Amino acid sequence: MNFQIYGFFTIFSFLTLASSALQQNPPAQINSNSVLVALLDSHYTELSELVEKALLLQTLEGAVSKHNITIFAPRNEALERDLDPEFKQFLLEPRNLKSLQNLLLFHMIPTRTESKHWPVEMNNPAHHTSLCRDAFDEKIQLIEKNGEKLVGEARIIKADDVVRPDGIIHGIERLLIPKSVQQDFNTRRSLRSISAVLPEGAPEVDPRTHRLKKPAPPVPVGAPPVLPIFDAMAPGPSLAPAPAPGPGGHHHHFDGESQVKDFIQTLLHYGGYNEMADILVNLTSLASEMGKLISEGYVLTVLAPNDEAMAKLTTDQLSEPGAPEQIMYYHLIPEYQTEESMYNSVRRFGKVRYDTLRLPHKVVAEEADGSVKFGQGEASAYLFDPDIYTDGRISVQGIDGVLFPLQEIKPAPSKPATVAKVVSNQRRGKLLEVACTLLGVCY
């Protein structure tokens, strides 16, 4: 009896504590009359789609449960036609999810501000902190100028467009971009550190010096030759250049940094390989590492995925520490291969395994549809743009997919050995025939 009473009081105490905790921290509940529901069902379809893609619904539900909010919604044309295509592509990339979230949260303030609350005096504008935490001290300015209500530099085109008990939506003519998002975009797209001159087509290499050939300056008509006849002739054995330094040698005749800048600049001007150049220069230190290798006498073949292939990478594939470096290492072959040499190899040997800088993984190449295919199964890519850059030390081959090494298959756990019961086939007819033959009996 005492045990039953003690158990009853224990359960009653637990239920009391649970109910008090729920009263202190009630869950966020959004009804059908919420401003968030009105936003998703409104004519601001472009903004509502971006909110869903940015995974902000749960964050906004928490904000609405605490206080009223005011949303400055850009019109659809501002997000569809008036927005820079390159900036829109930047926002929609999975790895830039944080920038997209900051951009959308910058259009929302945790205060209910109706049109009648707008500051009238031009010299006394109102400043509000947005829901974007990464905006730091950057605030949204509300001001009225020449009879028009402004949010920063954007004009209000539909004041009090959607009014709900927990918030209000104003329509604005264009997008508000915080400085943090603009800085992220500029950083990702800025390749100003590369100062190489774009070569016309694939650069040519002087076989005597193993350096890039520089275009000859224009010579006016009737001018004497730039070089004497003796210097223009092919050099004899006594004038042959010294052999190239081996890896680790103390004579660094190769300017690896300049050669790497040349091939990255070629990628940019070739078109369709901006993401690859961006990763090599901005996101990783691979460009400087490649320059050191070339200066030491090594050669490299770069399998460069185009922008369409890089856009298919998911956030999970890029979020782990060192993931971009590991992906790029698997696309670097420590050999000098051109499209012709690789195609001849796969035509002759069928499948060829090339070493990569991502040890110990190798990339498999084979002939397919008159071209070279790398990888196996779904994670394969074709040689799409051959010989984008070839200078005798670095070879760049464009492919239409991102390669990943095959995962090692773990052996299945061994099962205990079982004794199989073997039943021999009955061969009475054959044995009888042999016996009759031995006895000389014919039947």
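Filter region 291-320 down to the residues that are open to solvent by 10 Å² or more (accessible area, probe 1.4 Å) and polar (S, T, N, Q) and list them by number.
Answer for region 291-320, where residues must be open to solvent by 10 Å² or more (accessible area, probe 1.4 Å) and polar (S, T, N, Q): S295, N306, T314, T315, Q317, S319.
Out of all the residues in region 55-70, which are under 21 Å from K98 (Cα atoms), open to solvent by 10 Å² or more (accessible area, probe 1.4 Å) and not in a helix (DSSP H, G or I)?
The answer is L55, and nothing else.
(1) closer than 22 Å to S48 by Cα; (2) assigned to a helix (DSSP H, G or I); (3) open to solvent by 40 Å² or more (accessible area, probe 1.4 Å); (4) without any contact (Cβ under 8 Å) to a residue 60 or more places away in the chain: which one isn't true of L104, the others all being true?
It is condition (3) that L104 fails.
In region 345-366, which residues are open to solvent by 80 Å² or more (accessible area, probe 1.4 Å) and not hydrophobic (A, V, I, L, M, F, W, C)?
Within region 345-366, the subset open to solvent by 80 Å² or more (accessible area, probe 1.4 Å) is 347-349, 351, 353, 359-360, 362.
If the condition is that a residue be open to solvent by 80 Å² or more (accessible area, probe 1.4 Å) and not hydrophobic (A, V, I, L, M, F, W, C), then R347, R348, K351, R353, P360, K362 are the ones that fit.
Is one or more of the residues making up region 82-94 farther than 18 Å from L47 by Cβ and crowded, with 16+ Cβ neighbours inside 10 Å?
Yes - at least one qualifying residue is present in region 82-94.
Looking at region 368-405 only, could you name the residues that are part of a loop (DSSP other than H, G, I, E, B) and among the polar types (S, T, N, Q)?
Q376, S380
Whether any residue in region 321-344 is at pLDDT below 85 and open to solvent by 20 Å² or more (accessible area, probe 1.4 Å) is what I want to check.
yes
Working carefully through the options L293, L303, L313, L318, find the one that is touching a residue at least 60 places away in the same chain (Cβ under 8 Å), on the phi < 0 side of the Ramachandran plot, assigned to a helix (DSSP H, G or I) and not charged (D, E, K, R). Give the derivation first.
On the way: L293 fails: touching a residue at least 60 places away in the same chain (Cβ under 8 Å); L303 fails: assigned to a helix (DSSP H, G or I); L313 fails: assigned to a helix (DSSP H, G or I).
Of L293, L303, L313, L318, the one residue that is touching a residue at least 60 places away in the same chain (Cβ under 8 Å), on the phi < 0 side of the Ramachandran plot, assigned to a helix (DSSP H, G or I) and not charged (D, E, K, R) is L318.
Is it the case that some residue within region 59-71 is in contact with a Pro (Cβ under 7 Å, 6 or more places away or on another chain) and small (G, A, S)?
yes
Hey, could you check region 114-148 for residues that are among the basic types (K, R) and under 22 Å from K158 (Cα atoms) and say which is surrounded by the most Cβ atoms within 10 Å (Cβ to Cβ)?
My answer is K139.
Does V163 satisfy the condition of being of a type in the set (A, V, I, L, M, F, W, C), more than 25 Å from L83 (Cβ to Cβ) and modelled with pLDDT of 90 or more?
Taking the combined requirement at face value, the residue satisfies it.
Residues to consider are L191, L176; find the one that is modelled with pLDDT of 90 or more and within 27 Å of the chain's Cα centre (by Cα).
None of the others qualify; the one that does is L176.
Would you confirm whether any residue within region 109-126 is out of contact with any Cys (no Cβ under 8 Å at 6 or more places or on another chain), among the hydrophobic types (A, V, I, L, M, F, W, C) and in contact (Cβ under 8 Å) with a residue 60 or more places away in the chain?
Checking region 109-126: not a single residue is out of contact with any Cys (no Cβ under 8 Å at 6 or more places or on another chain), among the hydrophobic types (A, V, I, L, M, F, W, C) and in contact (Cβ under 8 Å) with a residue 60 or more places away in the chain.
Considering each residue of region 367-401, count those that are at positive phi and either open to solvent by less than 30 Å² (accessible area, probe 1.4 Å) or touching a residue at least 40 places away in the same chain (Cβ under 8 Å) (or both), and give that number.
Going residue by residue through region 367-401, those that are at positive phi are 369-370, 375, 377, 387, 392.
From what is left, the residues that are either open to solvent by less than 30 Å² (accessible area, probe 1.4 Å) or touching a residue at least 40 places away in the same chain (Cβ under 8 Å) (or both) are 375, 387, 392.
Residues meeting the conditions: 3.
Considering each of A309, A304, A379 in turn, give the residue that is within 23 Å of the chain's Cα centre (by Cα), at pLDDT 90 or above and closer than 30 Å to L55 by Cα.
Just one listed residue meets the conditions, A309.
The values are calculated or read from the model by the stated rules, or taken from the named source; none is laboratory data. These numbers come from a predicted model, not from an experiment. Cβ coordinates were reconstructed from backbone atoms using ideal geometry, including for glycine residues, and neighbour counts include every protein chain displayed. The protein model used for the area step is the full one, side chains on, heavy atoms only, and it has no ligands, DNA or RNA in it. Shrake-Rupley method; radii C 1.70, N 1.55, O 1.52, S 1.80 Å.
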